[in-house]
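Every number here is computed from the coordinates shown, using simple stated rules; none is lab data. None of the values given here were measured: they were computed from a predicted structure. Virtual Cβ from ideal backbone geometry, glycine too; neighbours counted across all protein chains shown.
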Amino acid sequence: MILMDRRNLHAPGWSHVLSSTGDLAELEAFRLRVGAPLRAFHLRGVRRPHLDLKLEPRDRALACTDILIFERTADMMRYLRALEDEARGALSA
């Protein structure tokens, strides 16, 4: 599932987009879907692969009804960490 923040406190006008499973193909398909340039894709030197969106691609992404949109980056990351913790718990059970 695609996750997106509506408001990035450190970069106004930009949004982060993540795959809930870290799926690079899912992120690439979403990048193409919203018309973001290749440079929006961040893989190197980051903990989680993600897209950085602004302008029209960001507006198109925010209009999508099939993704989870969070008001703040911190909210999105809290949700993602909870998913990861849940997955780790299921694996160890």
From fewest to most C-beta neighbours within 10 Å, the residues MET1, MET77 line up as MET1, MET77
How far apart, in nm, are the 7 Å Cα→Cβ label points at LEU43 and ALA63? 3.0 nm
Matching label, Cα Rg over 2.2 N^0.38 Å computed from the structure shown, candidates [x] 1.07; [y] 1.36; [z] 1.11: [x]
Counting only C-alpha contacts under 8 Å and six or more residues apart, can you give the relative contact order of the chain as a whole percent? 36 percent
What is the local net charge at LEU3, summed over the other residues whose Cβ is closer than 13 Å to its Cβ (Lys, Arg +1; Asp, Glu -1)? -2
Rank-order 49-59, 63-73 by packing density, defined as the average count of other C-beta atoms within 10 Å over each peptide's residues, highest first. 49-59, 63-73
With each pseudo-label sitting 7 Å past Cα toward Cβ, what's the ALA29-LYS54 distance in nm, one decimal? 2.9 nm
